[in-house]
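Read the structure below first, then the notes.
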Amino acid sequence: MTGQFEGKVALVTGGSLGIGHTAVLAFAREGARVVVAARGVADGEETVEEVRRAGGEAVFVKTDVSQAAEVEEMVTKSVELYGRLDYAFNNAGVGGDRGPMHEQTEESWDDTININLKGLWLCMKYEITQMLQQGGGAIVNNSSGGGLVGFAGSWAYGASKHGVVGLTRIGALDYAQQGIRVNAVCPGHIRTPLSVARLAGNPELEKRLKARAPMGRGGTSEEVAEAVVWLCSDAASYITGVALSIDGGYVAG
Ligand SMILES: NC(=O)c1ccc[n+]([C@@H]2O[C@H](COP(=O)([O-])OP(=O)(O)OC[C@H]3O[C@@H](n4cnc5c(N)ncnc54)[C@H](O)[C@@H]3O)[C@@H](O)[C@H]2O)c1
């Protein structure tokens, strides 16, 4: 495929489903060779097939982002297979438990923080190591509206996503001089397998979430993926350290 990312290599964590899956297709459409990293083998392989059917190039690398050795291997394999790493979309995440904080378990806290925050830190660590060797790159981290404002009952998730915005800003400061841009996207309510599972059996909550956005609707994975592609592109060459809301105006209120 030809496009603005011809000759470039993009890595998407959690690329097998939802927002990550849509971002994989968008990077490939722009001509990038794409590394799809996720835990689910069947969905990951299917995503790669979809890219190939559309005439693009992609490979699946099974990765649990909470495991340092697997994240290091994910970057090593990307470089072995495709020779470089230009863009990374650190998107893998889980919703975590919701409800009264005093009823939540330490195990559930650890699980959410290990994937959403420590996992993203690990991804940045190994991606930046490679990008420094190449002389630059662009990273986009997937935070959430819940990384900018509090979502009631969303303790570990909210803490992890606020942390992702912090890592983004610090990364932007520390690596600006080395040609690495680091930005975040903060989606509002987007219909994906994660949000569908979360809202299962609760149509009232879905209605409330949509109504909260001034635009009166939820967003699509495409609306997030297009912003990710743009933040990686040369069109955003002077942008680093931003946490970009994609939420129909939700956090503006
Ligand atoms: N859907 C929304 O409304 C929404 C809103 C704001 C932020 N987000 C964020 O967007 C990101 C993607 O969400 P989604 O709704 O597309 O979710 P999803 O469940 O549809 O997809 C999540 C992806 O992350 C992967 N993943 C989960 N844990 C992993 C791990 N330990 N290692 C590797 N991969 C792992 C899954 O395999 C899957 O590919 C998440 O970080 C989520 O917090 C989603």
- Rg in Å to one decimal, and Dmax rounded to a whole Å, for the chain via C-alpha atoms: 17.2, 53
- Query: Given H placed 1.01 Å from N in the peptide plane, which residues other than close sequence neighbours of Ala58 have an amide H under 5 Å from its amide H?
  - Reply: Val34
- Taking only DSSP H segments of four or more residues, each worth -39500 (n - 2.57), what value at 222 nm results for the chain once the sum is divided by all its residues, to the nearest 500 deg cm²/dmol? -14000 deg cm²/dmol
- Message: Tell me the angle of helix 203-212 to the major Cα principal axis of the chain, expressed in degrees between 0 and 90 and rounded to the nearest ten.
- Response: 70 degrees
- Note on the structure: For segment 20-32, Karplus-derived ³J(HN,Hα) couplings (6.51, -1.76, 1.60; θ = phi - 60°; whole Hz; x for glycine and proline) come out as x, 4, 5, 5, 4, 5, 5, 4, 5, 4, 7, x, 6
- Measure up Lys62/Lys125; Lys62/Lys118; Lys62/Lys210 against 26 Å on the Cα-Cα distance and list the ones that go over. Lys62/Lys210
- Query: On alpha-carbon atoms, Rg over Rh for segment 94-139 using Kirkwood Rh?
  - Reply: 1.24
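Only the coordinates and a few stated rules stand behind these numbers; no lab work does. Here the structure is a predicted model, which is why all the values come from computation and not from measurement.
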